[in-house]
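The values are calculated or read from the model by the stated rules, or taken from the named source; none is laboratory data. Source: prediction; values computed, not measured. Every residue, glycine among them, receives a Cβ derived from its backbone with ideal geometry; neighbour counts consider all protein chains shown. Surface areas here come from the heavy atoms of the whole protein model, side chains and all, with no ligands, DNA or RNA. Shrake-Rupley method; radii C 1.70, N 1.55, O 1.52, S 1.80 Å.
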Amino acid sequence: MNASTDTPPMTVGEHLQTRIPVAPVAIAVIGLLAALLNPVQPVTEGRVSSTNPVLLLKLATAASAWVITVWSLLRSHATRQTIATTVGIALATLSATMLVAGILSPTSSRLISVAAALILIGYLGFVTASLSAIGFGTLARALVLGLAMYLGIAWLIYLLFPSFGEFHEYVDATTTVARMGGVAHPNAIAHEASTAVLLVIASLFGTTAIDFKNDSQVQSRWRLFDSAVLCLAAATLVATLSRTAVLATVIASAMILFDRLYSRKGMLLANLGLIAALAAFLVYGLASGKSPLDSAVSKVTKSGNVEELTSLTGRTRIWQEALTLIGERWWIGYGMDSAATVMSPESVGTHNLMFHILFSGGIVAGGIVVMLLLITLQIAIRSPQPLFRGIATYVLVSGLVEDTILPAFPASLTMLWMAMLLLHSQTRSRLPTV
């Protein structure tokens with residue numbers, strides 16, 4: 001029997017993990033720091049602060065990502081090959097477009113926009129280098145560790161320093177509701193919690209696991225850790241009162257678990273759960289004498305007013321403002337992270353993924369992202385990898401009413417989205433084991 005028969009073929013993941021002269025530990029640490037630091041953005045006086053105590057650390061981490069990018073592009077053929085794929089070129093062109101938009105920005109945030117575009121370029125290269133050096137699974141593990149630390153710090157501040165850790169949101173002219181804040185806007189914290197939920201659900205219940213090695217003791221320890229992170233992240237979603245994040249997480253989690261649910265036992269459990277929910281809905285209405293629909297509205301809304309749902313918590317007005325401003329500079333936009341400067345103080349952001357891209361980079365950036373979102377939709381529907389289906393689904397659902405990805409400092413979800421797209425483009429229909 002010849003050697004070619006004895007030697008099993010390399011998986012796509014092994015093929016991508018070509019050795020490069022960059023310490024894998026350093027790459028994992030940078031990923032962890034990015035997951036921990038990049039989402040930190042304290043809210044002050046109703047606006048997102050442009051300066052905070054960890055800004056220098058975030059910039060240092062971004063600079064480290066740039067070093068990894070340059071080094072791996074010079075030394076790794078696998079990195080250059082991945083960035084030369086259709087998706088790699090599209091992401092690079094998108095980043096370059098954002099850089100041009102920042103340079104041409106008419107706003108006072110021009111320097112911030114240019115810096116944000118450069119940071120995006122650095123993290124795109126870092127993600128590409130990570131896939132070549134340590135693989136998707138180890139990168140995901142590093143992000144989980146960083147997210148766990150981020151959520152832990154958010155809870156410590158929320159519980160120990162409520163005057164700073166609580167975000168009081170006006171639901172009408174006189175009434176406020178307290179949400180978890182401190183380290184960032186509640187919706188931003190919820191996005192990080194959702195990302196953590198998707199990662200650990202894929203590890204705990206998906207058909208594939210995210211583990212460093214196939215050692216049973218190591219897997220047992222990680223399962224215990226993942227279970228703790230899942231509880232922490234779920235509690236965070238409740239504390240932030242982010243309905244968008246909760247809904248997107250539930251749908252994305254269902255896509256991750258689709259392989260398990262799509263069986264006789266899974267369908268039976270799903271049907272029993274639906275029947276139980278409907279029964280509880282009716283019993284509550286009979287026992288209380290109140291309309292179950294009215295009760296449901298009061299629970300889902302923060303103010304108890306159905307108008308909060310029909311206006312999507314004021315997003316319809318924000319979208320009108322965003323569309324007006326986009327129409328004035330449809331060709332190039334205003335640059336990344338410029339919405340807080342250009343839009344009204346109550347808006348802060350565009351609250352829609354496509355509006356966010358068009359506002360930041362104009363029609364060229366919008367066209368590129370449309371193509372990338374179509375690929376994302378294909379992954380959500382057809383990918384054999386549960387985690388990829390979950391990431392893609394979350395981006396698509398959350399992106400309807402939130403900016404979701406491509407913030408000034410790319411967080412875990414943006415890096416996972418880019419990594420997923422790069423792997424999909426590299427392998428086409430054949431995706432690596434994660």
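The numbered conditions (1) assigned to a helix (DSSP H, G or I); (2) touching a His at 6+ places or on another chain (Cβ under 8 Å); (3) free of Cβ contacts under 8 Å to residues at least 60 places away in the same chain are all true for ILE375 except (3).
Cβ-Cβ contacts under 8 Å between residues 6 or more apart (or on different chains), taken from a first residue in the stretch 319-341 that is touching a residue at least 12 places away in the same chain (Cβ under 8 Å) and open to solvent by less than 20 Å² (accessible area, probe 1.4 Å) to a second residue that is aliphatic (A, V, I, L, M) and in a loop (DSSP other than H, G, I, E, B), are listed as ALA322/MET343; ILE332/LEU104; GLY335/LEU104; MET336/LEU406; MET336/ALA408; ALA339/VAL348. If you filter the stretch 213-262 down to residues that are modelled with pLDDT under 85 and open to solvent by less than 50 Å² (accessible area, probe 1.4 Å), you find that the one that is nearest to ILE379 (Cα to Cα) is TRP222.
For the stretch 88-126, the set of residues classified as closer than 21 Å to ILE375 by Cα, of a type in the set (A, V, I, L, M) and open to solvent by 30 Å² or more (accessible area, probe 1.4 Å) consists of ILE89, ALA92, ALA96, ILE121, listed by residue number.
Check the stretch 169-183 and report whether any residue there is of a type outside the set (S, T, N, Q), under 17 Å from the mean Cα position of the chain (by Cα) and at negative phi. Yes, that holds for at least one residue.
Within the stretch 76-87, not a single residue is farther than 20 Å from ILE405 by Cβ, open to solvent by less than 40 Å² (accessible area, probe 1.4 Å) and touching an Asp or Glu at 6+ places or on another chain (Cβ under 8 Å).
Residues of the stretch 407-419 that are touching a helix residue (DSSP H, G or I) at 6+ places or on another chain (Cβ under 6 Å) and modelled with pLDDT of 95 or more: PHE409, PRO410, SER412, LEU413, MET415, LEU416, TRP417, MET418, ALA419.
Give the residues of the stretch 115-171 that are touching a helix residue (DSSP H, G or I) at 6+ places or on another chain (Cβ under 9 Å) and aromatic (Phe, Trp, Tyr), sorted by residue number. Those that are touching a helix residue (DSSP H, G or I) at 6+ places or on another chain (Cβ under 9 Å) and aromatic (Phe, Trp, Tyr): TYR123, PHE126, PHE136, TYR150, TRP155, TYR158, PHE164, PHE167. For the stretch 137-156, enumerate the residues that are at pLDDT 95 or above and either open to solvent by 10 Å² or more (accessible area, probe 1.4 Å) or not in a helix (DSSP H, G or I) (or both). Scanning the stretch 137-156 gives LEU145, ALA148, MET149, GLY152, ILE153, TRP155, LEU156.
Restricting attention to the stretch 372-385, the residues that are open to solvent by less than 70 Å² (accessible area, probe 1.4 Å) and closer than 26 Å to ALA117 by Cβ add up to 5. One residue alone among SER398, SER425, SER412 is surrounded by fewer than 22 Cβ atoms within 10 Å (Cβ to Cβ), of a type in the set (Ser, Thr, Tyr) and in contact (Cβ under 8 Å) with a residue 12 or more places away in the chain, and that residue is SER425.
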